[in-house]
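Have a look at the structure below, then the notes.
The values are calculated or read from the model by the stated rules, or taken from the named source; none is laboratory data. Everything numeric in this text was worked out from a predicted model, so none of it was measured. Cβ coordinates were reconstructed from backbone atoms using ideal geometry, including for glycine residues, and neighbour counts include every protein chain displayed. The protein model used for the area step is the full one, side chains on, heavy atoms only, and it has no ligands, DNA or RNA in it. Shrake-Rupley method; radii C 1.70, N 1.55, O 1.52, S 1.80 Å.
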Amino acid sequence: MEELQKTQIEKKFYDWIKLMRPEKMKFNPTFIEIKNGNVIFGMMKYMGRLVVSIETINSELENNQKEENI
């Protein structure tokens, strides 16, 4: 995966979590890696790694963008 693409996905992840899951920001979400079409991330007070698909991130950001334009 190209570094630019990874950087863009990482930015989208942080945009998504701030917009769609703002209550999770207090747990300091940390981007770890991209694997098999998923973003792997961690948060304080959570054991292990958490996963969200890139498809979900893109879809929810796109849907929110459409709602703002209405």
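Give the residue that is modelled with the lowest pLDDT, with candidates limited to residues of region 1-31 that are outside any helix (DSSP H, G or I) and open to solvent by 70 Å² or more (accessible area, probe 1.4 Å). Talk me through it step by step, then tell me what you get.
Taking region 1-31 as the starting set, the residues that turn out to be outside any helix (DSSP H, G or I) are 1-2, 21, 28-31.
Right, trim to open to solvent by 70 Å² or more (accessible area, probe 1.4 Å) and you get 1-2, 21, 28.
On the way: M1: 64, E2: 83, R21: 94, N28: 95.
The qualifying residue modelled with the lowest pLDDT is M1.
As an exercise: evaluate G48 against (1) part of a helix (DSSP H, G or I); (2) exposed (fewer than 10 other Cβ atoms within 10 Å of the Cβ); (3) not aliphatic (A, V, I, L, M) and give the number of the one condition it does not meet.
(1)
Taking only pairs six or more apart or across chains, which ones have beta-carbon atoms under 8 Å, a first residue in region 39-52 that is touching a residue at least 12 places away in the same chain (Cβ under 8 Å) and closer than 15 Å to K11 by Cα, and a second residue that is open to solvent by less than 90 Å² (accessible area, probe 1.4 Å) and among the aromatic types (F, W, Y)?
Once the first residue is touching a residue at least 12 places away in the same chain (Cβ under 8 Å) and closer than 15 Å to K11 by Cα and sits in region 39-52, its partners that are open to solvent by less than 90 Å² (accessible area, probe 1.4 Å) and among the aromatic types (F, W, Y) give V39/F13; V39/F31; F41/F13; F41/F31; V52/F13; V52/W16; V52/F41.
Just for region 52-70: of the residues that are open to solvent by 90 Å² or more (accessible area, probe 1.4 Å) and under 27 Å from E2 (Cβ atoms), which one is modelled with the lowest pLDDT?
Taking region 52-70 first, the residues open to solvent by 90 Å² or more (accessible area, probe 1.4 Å) are 55, 62, 65-70.
Retained after the next criterion (residues that are under 27 Å from E2 (Cβ atoms)): 55, 62, 65.
Details: E55: 97, E62: 93, Q65: 83.
So the residue we want is Q65.
From the residues in region 32-45 that are surrounded by 13 or more Cβ atoms within 10 Å (Cβ to Cβ) and not aliphatic (A, V, I, L, M), which one is farthest from the chain's Cα centre (by Cα)?
Applying the filter and picking the extreme gives G42.
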